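Each remark here refers to the structure printed beneath this line.
The values are calculated or read from the model by the stated rules, or taken from the named source; none is laboratory data. Please read these numbers as outputs of a predicted model, since none were measured by experiment. When we count neighbours, we look across all protein chains shown, and the Cβ atoms used for this are built from the backbone with ideal geometry, even at glycine.
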Amino acid sequence: MDIKTLMGARARAAREAVGLVQTAAADRLGIARQTLAGMEQGKVPFDGVQLVAMANLYGRPVTYFYDLRESEGASIAFRADDPQALAPALKQRLLDRLAAIADLETAAGLDCGCGLPPTEPLSKAGPRELDIARAVALEERGRLGVGDRAPLSDPVALLESIDVRVIPFELEPQDGNLLSGFSAFSESLGAGIFVNTHHALSIEHQTFCVLHEYAHLIFHRSVYRELGEGYRTRGKGASPEEKLANTFAGTFLVPDAALRQHVGRSERITPTDVIRLKRLFRVSFTGMLTRLTQAGHLDKAAGNLLWSICKARGWDKQEPDPIQEPLACGRRTEALARVAWERDEASLTFLGEVLGRDRKAIRDLVSDWEKDTPVDALH
């Protein structure tokens, strides 16, 4: 695709995204409708003034119209029993959000890499592969500076510190299925994890989903598939990719060494103990039971008893003593938005798009930034 055709296609897509017909858009741009039509068809070249005006009108960074990396898109992997649960419009909106955050990072003066470690893809889930997943989880904790003995307080901030963006969305259950999340990766845009923050999903579930998708980014990003090739996520028939991701996430969130520190020498683990531990490590009751069994703290009889109590009390569906504090999604993005605004590299419309807020909310946010009193550094 040549640059004029690319820019025209982008201009049309951006206009339609904000709900403007050609006549209205041309009027606000101060050009004839026929001129705008020619631009969108790739027959009339853009000039600098028109490009800036169009970026402001449509709420897009100027680079959106000509940056060839955008045409690459982002490979996307779905992990749900029903991958069709994510409508194409929502999929595109979320991928646009990832691209917008990448542009925001540029506007804020950052030069971000993908932040992911180099690993070979794992497609089987035998004992050797699962051991590799556990080892990589511990290596990642070491690489990210949290070691193997401390519970994580903010996994979102930890991942975003290496430029893996965590982007929330809300999707209601459909016919009993609920898409927990997915991830996307491209060489140009980098990595993004999308987590469903609908209230039907506990914070513990959302946290596990974030690390589960991080595992897929590590092990499977080179073989990401498009919508329609879903993975089976549950039961004995679960896909090997899912078993690997679950093993990585469980080990990353609850390392054996950290678990030993907090279980101690207890000879009998009670449901109250499990609730205490699951709150400490920010995982689900069932997730903690799984890790206690894997780490050798529960024999078969004790494990069966606790699982039967869990199911009898409905804790496999409704978390006991659930975490209330939501995931810290968006803090990094808002901080970058402020930097970009103060550098005069981002419009209000673009900030609204990347932060997912309406114009009034963005004006209020910018007003708060402008009211802040700078504090001189101590000498």
Need at least 1 residues that are at pLDDT 90 or above and not polar (S, T, N, Q) per element, so show me which helices (runs of 4 or more DSSP H) inside the stretch 330-373 make the cut, counting only ones lying wholly within it.
331-342, 359-371
Give the stretch 139-189 a look and list any residue that's under 28 Å from VAL223 (Cβ atoms), among the charged types (D, E, K, R) and part of a loop (DSSP other than H, G, I, E, B), or say none.
ASP163, GLU187
Pick from the stretch 1-21, criterion part of a helix (DSSP H, G or I) and of a type in the set (A, V, I, L, M, F, W, C), ranking: surrounded by the most Cβ atoms within 10 Å (Cβ to Cβ)
ALA11
Given the condition over 18 Å from PHE248 (Cα atoms) and among the hydroxyl-bearing types (Ser, Thr, Tyr), answer yes or no: does some residue in the stretch 171-190 qualify?
yes
Selection status of GLU353, closer than 24 Å to ILE162 by Cβ and acidic (Asp, Glu)
no
Residue pairs, Cβ under 8 Å, 6 or more apart or interchain, first in the stretch 318-334 and in contact (Cβ under 8 Å) with a residue 24 or more places away in the chain and not assigned by TED's automatic domain parsing to the domain that holds ILE101, second polar (S, T, N, Q) and assigned to a loop (DSSP other than H, G, I, E, B). List them.
GLU319/SER202; GLU319/SER284; PRO322/SER202; ILE323/SER202; PRO326/THR197; LEU327/THR197; CYS329/THR197
Looking at the stretch 181-214, which of its residues are of a type in the set (Asp, Glu) and surrounded by 23 or more Cβ atoms within 10 Å (Cβ to Cβ)?
GLU213
Pick from the stretch 242-285 the residues that are in contact with a Phe, Trp or Tyr (Cβ under 9 Å, 6 or more places away or on another chain) and surrounded by fewer than 21 Cβ atoms within 10 Å (Cβ to Cβ): which of them is nearest to ARG141 (Cα to Cα)?
HIS262
Return only the number of the condition from (1) aliphatic (A, V, I, L, M); (2) modelled with pLDDT under 95; (3) more than 18 Å from LEU152 (Cβ to Cβ); (4) not in a loop (DSSP other than H, G, I, E, B) that VAL274 does not satisfy.
(2)
Considering residues of the stretch 40-64 that are modelled with pLDDT of 85 or more and charged (D, E, K, R) only, the residue surrounded by the fewest Cβ atoms within 10 Å (Cβ to Cβ):
LYS43
Criterion (assigned by TED's automatic domain parsing to the domain that holds GLY190, crowded, with 18+ Cβ neighbours inside 10 Å and part of a loop (DSSP other than H, G, I, E, B)) met by exactly one of ALA125, ALA133:
ALA125
Unique residue being among the hydrophobic types (A, V, I, L, M, F, W, C) and either at pLDDT below 85 or crowded, with 18+ Cβ neighbours inside 10 Å (or both) when the list is ALA24, ALA102, ALA32, ALA37
ALA102
